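One structure below.
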């Protein structure tokens, strides 16, 4: 049953442009046709962006011009947003962005889209429209192929190469040979894309239930070498990692094993993918730590490591270790439960205690604190270590 909010948006636009001037488009229609749960409810309309804004204003619906230059206005009702994009046709493209003009022709709008199965529309009553004549067939058969000439579609936006692999992994039954060949021929066009656009598509691909076969084809065809320029990748650990977790950042860690985890590769990775500091640090920490950790070690060993690095870093390093060693999905939960049960201690010694024992404030005090803490950790957080250190200071200072 359609949500009330989207019905309100349809009513507002049709009050301005007449019945049928707005339709659902793309992924939500494709997924319903394929028997899947619809995701984002994106809309297309014959109205221009100005007309869309006027219609929403008249209906007292909040809206923002999220991409008005490209025809997109977002309506917001009770915190729920719907992207409404005017029908478009490309005037000029350069492989990264397009200059568009607005149209009222559904077929022209469909022709500028990437794949046939993404060029489907549906009205508020659920009737599906297939302007290209191939979208419904491809959706039913799980076939991902470019609309018209594959090279032309790719040259319009080289990100479509990555989208082809991603949609083949998520919605395809098999690799379309013609589309794959075109992607391989034009793979160098990926070099013109921004790191942000590349990382968004790569993480979406890694988020597919089982992306391994498609990623293998990207590696074998040389496409991945342009996605991660100068950073070697293999599916060795990725295969197991995908069975252990849905976390796309850890799956990226698995894809980078082993050569992509070298210090030089890790230095290049954040700038290539424009990674946030959080993600870059997470990958670096796990890459540095995993050779040191042992899944079979006892809790005391893990606790010492976790105290030094944090439980999150220990978790990530152990998961990479599990992936490299071929750990099964059924074995990993117990490892994860053991990590969760670790109770990190708090260093109980205060600098005032050392001062009271006779150690004067200054650099020597800080060095003593660090040395005692390291000894305390090495001896499994024993209070005896701290007591002995204080006694030794008292003896030396004769207090």
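Would you pick out the residues in the stretch 231-263 that are touching a helix residue (DSSP H, G or I) at 6+ places or on another chain (Cβ under 9 Å), outside any helix (DSSP H, G or I) and within 19 Å of residue 279 (Cβ to Cβ)?
Applying the first criterion (touching a helix residue (DSSP H, G or I) at 6+ places or on another chain (Cβ under 9 Å)) to the stretch 231-263 yields 231-245, 247-263.
Next, only the ones that are outside any helix (DSSP H, G or I) stay: 231-235, 245, 247, 257-258, 262.
Scanning the stretch 231-263 gives 231, 233, 245, 247, 257, 262.
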For the stretch 21-30, indicate whether the set of residues that are surrounded by fewer than 17 Cβ atoms within 10 Å (Cβ to Cβ) and assigned to a strand (DSSP E or B) is non-empty.
no
How many residues of the stretch 275-294 are crowded, with 17+ Cβ neighbours inside 10 Å and either modelled with pLDDT under 95 or in a loop (DSSP other than H, G, I, E, B) (or both)? The answer is 2
What residue, among those in the stretch 44-79 that are loosely packed, with under 15 Cβ neighbours inside 10 Å and more than 23 Å from residue 28 (Cα to Cα), is modelled with the lowest pLDDT?
69
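Can you confirm whether residue 222 is in contact with a helix residue (DSSP H, G or I) (Cβ under 8 Å, 6 or more places away or on another chain), surrounded by fewer than 22 Cβ atoms within 10 Å (Cβ to Cβ), at pLDDT below 95 and farther than 27 Å from residue 6 by Cβ? First the steps, then the outcome.
Details: in contact with a helix residue (DSSP H, G or I) (Cβ under 8 Å, 6 or more places away or on another chain): yes; surrounded by fewer than 22 Cβ atoms within 10 Å (Cβ to Cβ): yes; at pLDDT below 95: no; farther than 27 Å from residue 6 by Cβ: yes.
In short, no.
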Of those in the stretch 80-102 that are in a loop (DSSP other than H, G, I, E, B) and at pLDDT below 95, the residue surrounded by the most Cβ atoms within 10 Å (Cβ to Cβ) is 96
Report the residue count in the stretch 35-47 for those that are in contact with a strand residue (DSSP E or B) (Cβ under 8 Å, 6 or more places away or on another chain), farther than 10 Å from residue 73 by Cβ and in a loop (DSSP other than H, G, I, E, B).
4
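Could you please find all residues in the stretch 198-217 being more than 18 Å from the chain's Cα centre (by Cα) and either touching a residue at least 40 places away in the same chain (Cβ under 8 Å) or buried (at least 19 other Cβ atoms within 10 Å of the Cβ) (or both)? Don't jump to the end; show me each part of the working.
From the stretch 198-217, those more than 18 Å from the chain's Cα centre (by Cα) are 213, 216-217; that's our starting set.
The answer is 213, 217.
The values are calculated or read from the model by the stated rules, or taken from the named source; none is laboratory data. Keep in mind that what you see is a predicted model, and the values were worked out from it rather than measured. Please note: Cβ atoms are built from the backbone with ideal geometry, for glycine as well, and neighbour counts cover all protein chains shown.
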